[in-house]
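Q: So that we are looking at the same thing, I have put the structure below in structure tokens.
The values are calculated or read from the model by the stated rules, or taken from the named source; none is laboratory data. Small disclaimer: the values here were computed from a predicted structure and weren't measured. Quick reminder, even Gly has a Cβ in these numbers, built from the backbone with ideal geometry, and neighbours come from all protein chains shown.
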Amino acid sequence: MNDLLILQNLNSMLSELKESQIECSIDTEYDSLALSSIDFVNLVIMIETQYEKEFDDEDLVFAKYKTVQDIIDVIKKMIGGR
Amino acid sequence: MSHINDKRKQVVCDIFKWYLNGDRQENYIFDYDMYKFMKYHKLDGIYFDYCKAVNENQMPKELNRHYYALMSENENQIAIANDIGIILDEVRYVFLKGLPLMVNNYKVAYHRYFHDIDLLIERSDLSSVEKKLFDSGYQYGWEYQGKMYPAKREDILFQKMNTHETFMMVKKTADGFISYVDVNFLFSWKGLENKEYNKNVFNDLYDCIRTVTKNDCNINCMDSNYMFLHLCCHLYNSAHFFALDRFYSGNDPEELRLIHLMDILLIYREGVEDVKIARLAQEMKHTEKVLFVLQILQDVLDFPINNLYELISSRADYPINVDRYFLSNGEEKYWNIDINNRIFGIEEKKKLFNEVF
């Protein structure tokens, strides 16, 4: 699965989460998404449901995410087995 | 303070002196209301023995049975902890709070009872520890009236991502005992919205681990300096951040329990190095937390620890306010009742909470 497709999915999940249209690019900074701790948990749940895989523990640390690309990289790693 | 709160405070101070220094209060008569108050603060096992030491015949028989049963439960906890140590094999860990305190610092097992076995591990070992505990029968969830309830993935993640520990793990042992384990991966956390990944966890403690043996079981725990520091952090956090707990329902948070002050005084008496604690507290950015506890010990229980207080307060950036707490949205709030009434006037505190939340 390529980055662009994952980005589209991510934008759709973020839009649902924030209840407004979100159009991120891979360079969008994580902090600019203004996700609360509860939002982030919900985003992880949405990603896990979408891809039917679970995040590794090491990827459940906020500080790891600087840009949207970092989230995409984790998703790619998570679904890497496909 | 009201007359009843003054009376409670006097009895509590006498009991602390009896337990810590061996002072005796003669002719004390067992009082059921006082017993209920002590139970709120988890000091009921000590109160039971305090009254029993004055006059064994005054004690209700059902309480005798209750504390013998509690002693047996605590012995189960020791055996379970020993099994967990075997399960974890080469993973580095220490037990925190209730278990090592009960084994090391309390005279009788039922003086310090606890619900969960708390572990502290390195964050990077979490997956491995989780797997080992799952393999031995634990699951995320809880037990209620004989039935196991698994935790939702959402709640497991929330706990793991936003606090210092995992969601509680539960297992029914072969003999029907319900065992709970909390796996901590941070020494102390700083609040829900803090995204900083605190690396100051296990590697720094590694040289401070000691193993104590009880009932042929080995219990890994921290040395008294780190234990003192950890207990101060725990008390501070529960007093400040109770409303940030996702499961907090607005009831009395029981955020300041006297048993935790007893824990801290017992560890201090065991022997700590004031200079080292002051240095560690500063390095780990916990001076405010230690100062909070020292202030309460001095103001509420009249147990000043002057040398440490001076060392810590000289390193603190600003004076401590024991009345502060945080709402779930991070808003800073202050109690409308003073610290003595929060501890000794539990009825007033409950009434206040019904109004505030």
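Q: Being hydrophobic (A, V, I, L, M, F, W, C) and either at positive phi or at pLDDT below 90 (or both) is the filter here, so list the residues in the range A:1-21 that pass it.
A: Correct list: A:MET1 only.
Q: Any chance the range B:140-152 includes a residue that's among the polar types (S, T, N, Q) and more than 9 Å from every other protein chain (Cβ to nearest Cβ)?
A: yes
Q: On to the next question. Can we say B:LEU311 is more than 20 Å from the chain's Cα centre (by Cα), farther than 25 Å from B:ASP14 by Cβ and surrounded by 14 or more Cβ atoms within 10 Å (Cβ to Cβ)?
A: yes
Q: Mind checking which residues of the range A:36-82 are facing another protein chain (nearest Cβ under 10 Å) and outside any helix (DSSP H, G or I)?
A: The answer is A:SER36, A:GLU54, A:PHE55, A:ASP56, A:LEU60, A:VAL61, A:TYR65.
Q: In the range B:205-231, which residues are under 20 Å from B:VAL103 (Cβ atoms) and in a helix (DSSP H, G or I)?
A: B:CYS208, B:SER224, B:ASN225, B:TYR226, B:MET227, B:PHE228, B:LEU229, B:HIS230, B:LEU231
Q: Do we find that B:PHE303 is in contact with a strand residue (DSSP E or B) (Cβ under 7 Å, 6 or more places away or on another chain) and either in contact (Cβ under 8 Å) with a residue 40 or more places away in the chain or closer than 29 Å to B:ILE15 by Cβ (or both) in this structure?
A: No: the conditions fail for B:PHE303.
Q: Here is a further query. Report, ordered by the first and then the second residue, all pairs with beta carbons closer than 6 Å, sequence separation of six or more or different chains, a first member in the range B:85-100 that is in a loop (DSSP other than H, G, I, E, B), and a second member that is surrounded by fewer than 15 Cβ atoms within 10 Å (Cβ to Cβ).
A: No pair meets every condition.
Q: From the set of residues in the range B:127-139 that are in contact with a Ser or Thr (Cβ under 9 Å, 6 or more places away or on another chain) and more than 14 Å from chain A (Cβ to nearest Cβ), which is surrounded by the fewest Cβ atoms within 10 Å (Cβ to Cβ)?
A: Only one residue fits best here, namely B:GLY137.
Q: For the condition assigned to a helix (DSSP H, G or I) and either of a type in the set (A, V, I, L, M) or under 22 Å from B:ASN162 (Cβ atoms) (or both), what is the one hit in B:LEU256, B:LEU301, B:LEU291?
A: The match here is B:LEU291.
Rundown of residues vs (1) of a type in the set (A, V, I, L, M); (2) closer than 30 Å to B:ASN220 by Cβ; (3) at pLDDT below 95, yes/no style:
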residue	(1), (2), (3)
B:TYR28	no, no, yes
B:MET34	yes, no, no
B:MET38	yes, no, no
B:PRO60	no, no, yes
B:LEU63	yes, no, yes
B:ASN74	no, yes, yes
